[in-house]
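Following: one structure in structure tokens, then a few remarks.
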Amino acid sequence: MAAAQLKEQQQPFLLNSLDNGWRVFCWTSLISFLVKVYLAHLVPITGDEAEYIYWGQHFSWGYYEHPPLIGWILAFWNQFGLSNIWVRMPQIIASNLIAVLMYVALKRIDEKKAVWVSLIYLLSPVSLFNIAILTDTPLMIFSFLGVFCLMMAEQGHGNKYYLFAGLGLGAAYFSKYLMLPIAIGVLLYFLFSKEIKNRWLKLLATLVFALPFFIENVWWNYSNNWVNLLFNLDLRNEGDHLNWHLLAKYLVFIIYLYSPVMVYIIVRHAKKLSQGWANLALRVALLTGLATILFYGVLSISKSIGLHWIFCGYAFLFMPLILLEVKKIKRLFKWMLFYSGVQLIVVLIVFHLPLSFWKKTSVYDSVNWFLNYERIYPVVEPYMKKGFIFMTPSYAQSYLTVYRHKKPAAVWGIGSVNGRPDDFFSNFKDFNHKNIVIVSQMDPFYRSEYLPYFKKVDFYKKEMLGSPYYLVVGYDFNYDAYRQTILTRIYQEFYDVKLLKLLPRQGDFYKDKYNL
């Protein structure tokens with residue numbers, strides 16, 4: 001008895017039993033959750049996040065760049081608060097939820113190893129540092145849920161899981177079109193899995209339950225100039241060309257996101273990991289994970305791929321690790337703990353540096369603007385109390401104003417191809433003959449951008465903790481002049497394109513809105 005107790009005490013805490021594995025899992029889940037909560041409090045809301053919060057404040061059946069699911073989620077979620085932590089909470093809990101589901105999906109293969117594989121994912125950079133509430137949040141959750149349900153179906157939990165998989169994959173599509181490689185992986189899975197009884201019928205059932213999301217999105221795009229397709233297939237791809245440096249950058253991204261050691265282990269043990277093909281549940285994880293990496297790898301030859309593009313399939317390549325020896329899995333867990341821990345220390349140091357640290361650097365103005373943007377509001381508030389319309393030339397700045405000050409802020413000028421929901425929600429007809437105050441980081445050197453559209457314009461240079469910005473105060477806005485130049489140019493650049501002429505559509509919302 002005493003000898004047994006002594007032996008148990010001598011075993012390392014991280015390596016002795018499933019019970020200890022669960023203890024580590026629970027503590028790691030709690031600590032990672034608290035770390036993300038603190039990061040969510042520490043890091044200001046970004047312009048992209050503010051845009052999607054804006055979506056939630058303006059419920060619609062669709063939006064400019066992406067399908068509407070994140071807007072629908074936030075329309076409900078934001079009823080209960082708008083603090084940084086609260087609006088980011090769906091993303092904060094997303095990776096913890098995925099880690100639990102990963103364990104559930106893998107435990108039939110090896111329950112002990114399933115815990116540690118889930119822990120490795122939980123400590124990965126994407127899991128630990130991704131706190132931003134973006135379209136990637138529902139994309140990650142529902143992509144994983146869709147494939148998870150297929151894994152449940154193949155493990156004998158019932159054919160109903162094919163229907164649930166359809167709902168999950170449909171919701172992923174309704175989040176972002178970046179789920180395309182997940183759909184490709186699922187189709188390849190059914191194509192190469194002849195041992196599945198009635199596989200085509202099961203695929204059909206999966207597709208039928210995903211179909212309502214597709215129908216709603218197509219209907220909305222048909223009624224709104226196909227703006228999602230226009231943005232994703234045409235406008236955002238202008239200027240793309242073959243560039244092998246982009247592929248090299250993409251490979252560096254992959255190595256960073258999975259960690260150099262994990263990539264090395266996958267390459268070294270590729271033959272052993274490929275044995276997951278024999279297990280239907282692991283097969284679908286392998287195919288969806290590899291389809292994501294390879295699909296965007298091919299695109300990266302001519303297009304700059306963002307880190308977040310692979311988030312939809314990121315988790316699936318952790319799952320085949322369960323085929324490795326338990327000692328190797330635990331070593332990888334300890335490496336991931338070190339790898340992400342060092343990065344966490346760096347992140348915390350950077351965000352706790354005083355603003356003065358950046359004073360003599362080239363990024364000072366950007367850092368200052370990001371951290372202290374709310375300081376502009378007291379400057380423009382007197383104008384707004386007099387009935388002035390507040391605008392900025394940046395979509396990000398306008399959305400941040402709406403989020404931080406709960407005040408409307410339209411977008412002045414042409415803008416960029418990104419973040420154009422304001423084209424739907426603002427109407428410059430309503431501003432005719434009104435006074436407008438515009439805040440810009442750019443020196444209005446070319447005053448012709450403003451002078452033709454007002455009876456009188458005043459220009460003021462301001463400073464925010466040493467960073468210059470500019471106030472443009474315009475009186476008696478001339479809508480007709482603005483429509484003939486700026487609004488016409490917006491229509492020509494972003495809505496009157498060749499792709500639209502190939503598709504049937506119901507009206508031309510921007511042209512009809514401004515009688516162009």
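Throughout, read-outs are computed from the coordinates displayed, never taken from laboratory work. Everything numeric in this text was worked out from a predicted model, so none of it was measured. Glycine also receives a Cβ, built like all others from the backbone with ideal geometry; neighbour counts cover every protein chain displayed.
Summary of computed values
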| quantity | calculated |
| --- | --- |
| Those aspartates and glutamates that a straight Cα-Cα span of less than 15 Å connects to residue 456, excepting residues fewer than 8 apart in one chain | 476 |
| Rounded tilt (10° steps) of 244-258 against the dominant C-alpha axis of the chain | 60 degrees |
| Listed pairs 176/327; 406/429; 202/303; 36/112; 176/271 exceeding 30 Å between Cα atoms | 176/327; 202/303; 176/271 |
| Spin-label proximity, residue 97 to the stretch 132-155 - amide N less than 20 Å from point 7 Å beyond Cα toward beta carbon | 132-153 |
| Alpha carbon Rg of the stretch 115-199, scaled by the compact-globule rule 2.2 N^0.38 Å | 1.20 |
| Under the Debye formula (equal points on every Cα, no solvent term), log10 I(q)/I(0) of the stretch 56-183 at q = 0.09, 0.22 Å⁻¹ | -0.29, -1.30 |
| Cβ-Cβ FRET estimate between residue 58 and residue 515, R0 fixed at 22 Å, reported to 0.05 | 0.40 |
| Part-to-part distance (alpha-carbon centres) for the stretch 328-400 and the stretch 116-153, which is given in Å | 25 Å |
| Length-normalised contact order for the stretch 14-351 - Cα pairs under 8 Å, 6+ apart - percent | 22 percent |
| Folded to 0 to 90 degrees: helix 180-192 orientation relative to the chain principal axis, Cα | 30 degrees |
| Listed peptides 378-387, 167-176 by packing density, highest first (mean Cβ within 10 Å) | 167-176, 378-387 |
| Considering only the chain, percent of DSSP beta bridges that pair antiparallel, nearest 5 | 75 percent |
| Solvent-free Debye scattering, log10 I(q)/I(0), computed from the Cα coordinates of the stretch 184-328 at q = 0.08 Å⁻¹ | -0.31 |
| Residue-span extension gain [residue 470 to residue 338] - 0.36 nm each, minus C-alpha spacing | 43.0 nm |
| Distance between modelled label sites at residue 26 and residue 266, nm, 7 Å Cα→Cβ extension | 3.2 nm |
| Length added when fully stretched, residue 194-residue 460, from 0.36 nm per residue minus Cα-Cα | 88.7 nm |
| Over the stretch 14-351, volume per residue of the alpha carbon convex hull, in Å³ | 141 Å³ |
| Projected label distance in nm at residue 34 and residue 219, using a 7 Å step from Cα toward the beta-carbon | 4.8 nm |
| Alpha-carbon centroids, the stretch 173-188 and the stretch 407-481: separation in whole Å | 40 Å |
| Range of Cα positions in the stretch 393-516 per principal axis (Å), largest first | 52, 30, 26 |
| Counted charge near residue 70, where neighbours are those whose Cβ lies closer than 14 Å (Asp, Glu -1; Lys, Arg +1) | -3 |
| Positive minus negative residues near residue 82 (Lys, Arg vs Asp, Glu; Cβ under 12 Å) | +2 |
| Residue 385/residue 429 FRET efficiency (R0 30 Å; Cβ-Cβ; nearest 0.05) | 0.80 |
| The chain - mean residue ellipticity at 222 nm from DSSP helices (-39,500 (n - 2.57) per run, n ≥ 4, rounded to 500) | -18000 deg cm²/dmol |
| Cut-off 14 Å between beta-carbons: net charge of the residues surrounding residue 399, Lys and Arg +1, Asp and Glu -1 | -3 |
| Cα-based Rg and Dmax for the stretch 220-306, where Dmax is the largest Cα-Cα distance (Å) | 17.3, 52 |
